[in-house]
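The values are calculated or read from the model by the stated rules, or taken from the named source; none is laboratory data. Since we're looking at a predicted model, the values are computed, not measured. In this analysis, Cβ positions are derived from the backbone assuming ideal geometry, glycine residues included, and neighbour counts consider all displayed protein chains.
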Amino acid sequence: MTPPQRIWYACDGKVRDAALAHFAAQQSGPKGWLAGEGGLLGNLRVWENMILAAAHHGAALDAAMEARLQQGLACLGWDAAASSALFQSTVAALDGETTRKLLALRTLAAQPALVLVQCEWFHRSSTATLDACRMMLDQGLPNARWIALGTDAPPAAWGFQSAPLSELNHALER
Amino acid sequence: MNLLRLLWRLPSTLPWLLRWTVRRVLLKQLYFSGVQAIPLIVLVGVAVGAIIVSQLHYAIGQSGEGSLKLLAIVTLSELAPLLTAIVLTARSSSAMSSELALMRVTGEIDHLRLQGIDPVAYLVLPRVLAMMVASCLLSCYFALAALLTGAFGVGNLNWLLELSRLPNALPISMLLWCPIKGLVFGAAIAVVACNRGLHGFASSNDVPIAASQAVVRAFTAVFVLDLLFIVLGQMR
């Protein structure tokens, strides 16, 4: 039996912080990170944020990366003109919904083997945003392992399986 | 303890310089700490050259050649690296420390970690290297500005002749002392500032405190290191 690809741990506070650090340390290379709030670096432009994790781990900034980003932008409902303006803008100018969409786009660009999610990312996003992000990430990251952490369960459509907290505590103790 | 851990970790992050993301931060920091500080450093260098020569040559009555030689010795061995370090500490270390403290308070350091980006490799390494290079080169610019001013003050239109006599009067080791001290002081300033920025309370009140403490600790580090250099120089 293969282990579930998408796991949800019902935890919060310091346990969640420790769990995030634990899972991030276990996987080398770039990781997807969908934060409930913020998540982008304020001293970089949006386009720099989008490619930072991928480029930092040696991904080529080539036509394939550009095509992936363009496909993602189209999936999220931004046309060429809107994308261009968005990529040149600063992080401070973004609203929460746009930031959460961009976190998903950054995850797509990084092509990570592991995606970490704060459950607030699901619950603060609109249904339309969630549907667009799910379609984009399901297509773009078919083999990624997902771990969601938060007290409220992720929407059922995302296919997360609940895992007992004892399992998480056991992993953190090791 | 955190400072020692940071110092220990830095060399192992050097291979990350191959990534353009880190080199981009390095170039930005070089521009901020190095290029943008040139006018101030040159101004201070000119003032120091003028003050020392005016005191030695015009007030005390030292010969022109002797005044210039003393200026060269004092500037190259002490004043250029020390005053450059003081200017860089006041100008850049507070900015460096408060930027990192703000990133920590807003959770951006954690966001980097969770994307698989080591904050030491991405944030600290380029800042330390940029400050080392900036401090080294700015110390040399400082010395050059002071010596040119001194030569002009002593020789007026014969300033080039006065300056051309200097290399014979100075040992080579003294010429090397200035950039070496610049490198060490630059490393100390940046490591202290980054360490203070990365560690502390997770509250917005900590940002100005981090900036102020970084300046005080960097000054302390620079003066202690300078004392060590003096002791080392005496032992040779």
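What are the residues in the stretch B:1-22 that are of a type in the set (K, R) and surrounded by 15 or more Cβ atoms within 10 Å (Cβ to Cβ), if any? Can you show your working first?
The first filter runs over the stretch B:1-22 and keeps only residues of a type in the set (K, R), leaving B:5, B:9, B:19.
Within the stretch B:1-22, B:R19 is the sole residue that qualifies.
Taking the criterion of being part of a loop (DSSP other than H, G, I, E, B), in contact (Cβ under 8 Å) with a residue 24 or more places away in the chain, more than 24 Å from A:A67 (Cβ to Cβ) and away from chain B (no Cβ under 14 Å), would at least one residue in the stretch A:117-124 satisfy it? First the steps, then the outcome.
If we filter the stretch A:117-124 for residues that are part of a loop (DSSP other than H, G, I, E, B), which is where we start, we get none.
No, that holds for no residue.
Would you check if A:A55 is more than 14 Å from chain B (Cβ to nearest Cβ) and either in a helix (DSSP H, G or I) or over 21 Å from A:L130 (Cα atoms) (or both)?
Considered against the rule, which asks whether it is more than 14 Å from chain B (Cβ to nearest Cβ) and either in a helix (DSSP H, G or I) or over 21 Å from A:L130 (Cα atoms) (or both), A:A55 comes out as no.
For the structure I just gave you, tell me whether B:G61 is over 22 Å from B:R196 (Cα atoms) and either free of Cβ contacts under 8 Å to residues at least 60 places away in the same chain or touching a Cys at 6+ places or on another chain (Cβ under 8 Å) (or both).
So B:G61 passes the test.
To keep it simple, each residue is scored yes or no on (1) at pLDDT 95 or above; (2) touching a strand residue (DSSP E or B) at 6+ places or on another chain (Cβ under 6 Å); (3) within 22 Å of B:T21 (Cβ to Cβ); (4) outside any helix (DSSP H, G or I).
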| site | (1), (2), (3), (4) |
| --- | --- |
| B:L56 | no, no, no, no |
| B:L70 | no, no, no, no |
| B:I73 | no, no, no, no |
| B:L112 | yes, no, yes, no |
| B:L123 | yes, no, yes, no |
| B:V133 | yes, no, yes, no |
| B:L138 | yes, no, no, no |
| B:L148 | no, no, no, no |
| B:L166 | no, no, no, no |
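Being touching a helix residue (DSSP H, G or I) at 6+ places or on another chain (Cβ under 8 Å), more than 24 Å from B:L70 (Cβ to Cβ) and at pLDDT 95 or above is true for just one of B:A190, B:A210, B:A202. Which residue is that?
Just a single option satisfies the conditions, and that option is B:A190.
Among the residues of the stretch A:48-70, write down those that are of a type outside the set (G, A, S) and closer than 23 Å to A:L116 by Cβ.
Residues satisfying the conditions are A:E48, A:N49, A:M50, A:I51, A:L52, A:H56, A:H57, A:M65, A:R68, A:L69.
Suppose we filter A:T151, A:T99 for residues that are in contact with a helix residue (DSSP H, G or I) (Cβ under 9 Å, 6 or more places away or on another chain) and at pLDDT 95 or above; which single one remains?
Only one candidate passes the filter, namely A:T99.
Look through the stretch A:5-37, keep the residues that are farther than 24 Å from A:L105 by Cα and among the aliphatic types (A, V, I, L, M), and return whichever of them is surrounded by the most Cβ atoms within 10 Å (Cβ to Cβ).
A:A10
Surrounded by fewer than 18 Cβ atoms within 10 Å (Cβ to Cβ), more than 14 Å from chain A (Cβ to nearest Cβ) and farther than 30 Å from B:W159 by Cα: does that describe B:L30?
No.
Is there any pair with a first residue in the stretch A:22-36 that is more than 9 Å from chain B (Cβ to nearest Cβ) and a second that is in a loop (DSSP other than H, G, I, E, B) whose Cβ atoms are under 8 Å apart and which are 6 or more apart or on different chains, and what are they?
Final answer for the pair search is A:G36/A:G150.
Within the group B:L160, B:L82, which residue is at pLDDT 95 or above, surrounded by fewer than 22 Cβ atoms within 10 Å (Cβ to Cβ) and assigned to a helix (DSSP H, G or I)?
B:L82
Within the stretch B:53-66, identify whether any single residue is within 12 Å of another protein chain (Cβ to nearest Cβ), over 18 Å from the mean Cα position of the chain (by Cα) and more than 17 Å from A:N43 (Cβ to Cβ), and answer yes or no.
no
Only one of A:L94, A:L69, A:L40 is of a type in the set (A, V, I, L, M), within 11 Å of chain B (Cβ to nearest Cβ) and surrounded by 15 or more Cβ atoms within 10 Å (Cβ to Cβ); which?
A:L40
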